[in-house]
Amino acid sequence: MRAVVHLLLAVGVFHLARAQESSEILRLSKAAVAFPGELPCPGWSCDCALRQVGCCCATSRMHEVEDLTYTRLTDMWQSIKQLDRSVQETIGGRRVAFTASGIPSMHCFGPFSIDVSVPYNTVSLNHGDGYNPALGVFTAPRAGLYSFSFTAYSRRASAGDHMFFQLQLLRNGEVMASVWEENREDSEDSSTQGLLLSLERGGQVYVLLRAGRMLCGDAAGRNNFSGYMVHGM
């Protein structure tokens, strides 16, 4: 029985304290509403909290977050646009490629008394305008690593002739690769070479027919020369 009385007494004291607390809060709120000056509440709006019914006290902070979010989104958009421009410039700059085939005569090209660059005269691709079909010379529009390949095809001009060709791929006058054939057994033959070369801007690559040699019977454009830029430097 004594324990029950103590419990009831404790509950009564608790409710009395809560009632007094609520009364004190109400009194302070009324005092704040009636206060004619500015309420000292750094960090948030006491006027909003205590004097204006239905006011959103987080409005100011929400505006700050909105402004910050907008600024960051704008910065991100500008960064994306700059990245897109850089990608487009890189992709556009890498569009350096050419493919040319054929020789000036379907009968025989050569022989000549000196080495002669082969002017592959049927151009099917020339991105970057690096290849000159009149000279048979590729000039690098920008520095980079390039891939080149060429195929030499020839057949006997007539029965019993000696097949006799030799082609060299040169970079700035220096021999980088070579193919050749010299026999009486085959009626026709072909060879292909491919390689990677680094070039400075303005560097030149071309295929040379050696003096005294010849290519014959290329009616289907089997002789070809091609290249493309792997990446810039």
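Odds and ends about this structure:
- Within the stretch 114-133, considering residues that are aliphatic (A, V, I, L, M) and in contact with a Phe, Trp or Tyr (Cβ under 8 Å, 6 or more places away or on another chain), the one surrounded by the most Cβ atoms within 10 Å (Cβ to Cβ): V118
- Residue selected from the stretch 134-145 under the condition surrounded by 16 or more Cβ atoms within 10 Å (Cβ to Cβ) and closer than 13 Å to F225 by Cα, by the criterion farthest from the chain's Cα centre (by Cα): G136
- Cβ pairs under 7 Å, 6+ apart, first in the stretch 202-224 and free of Cβ contacts under 8 Å to residues at least 40 places away in the same chain and over 21 Å from A134 (Cβ atoms), second buried (at least 21 other Cβ atoms within 10 Å of the Cβ) and not hydroxyl-bearing (S, T, Y): none
- If you go through the stretch 132-144 and keep only what is at negative phi and out of contact with any Gly (no Cβ under 8 Å at 6 or more places or on another chain), you end up with N132, P133, A134, L135, V137.
- Considering residues of the stretch 190-233 that are charged (D, E, K, R) and modelled with pLDDT of 80 or more only, the residue least open to solvent (accessible area, probe 1.4 Å): R213
The values are calculated or read from the model by the stated rules, or taken from the named source; none is laboratory data. This one's a predicted model, so the numbers in the text were calculated from it and none came from an experiment. Positions of Cβ are backbone-derived with ideal geometry, glycine not excepted, and every protein chain shown enters the neighbour counts. When the accessible area is computed, the model is the full protein with side chains, heavy atoms only, and any ligands, DNA or RNA have been set aside. Shrake-Rupley method; radii C 1.70, N 1.55, O 1.52, S 1.80 Å.
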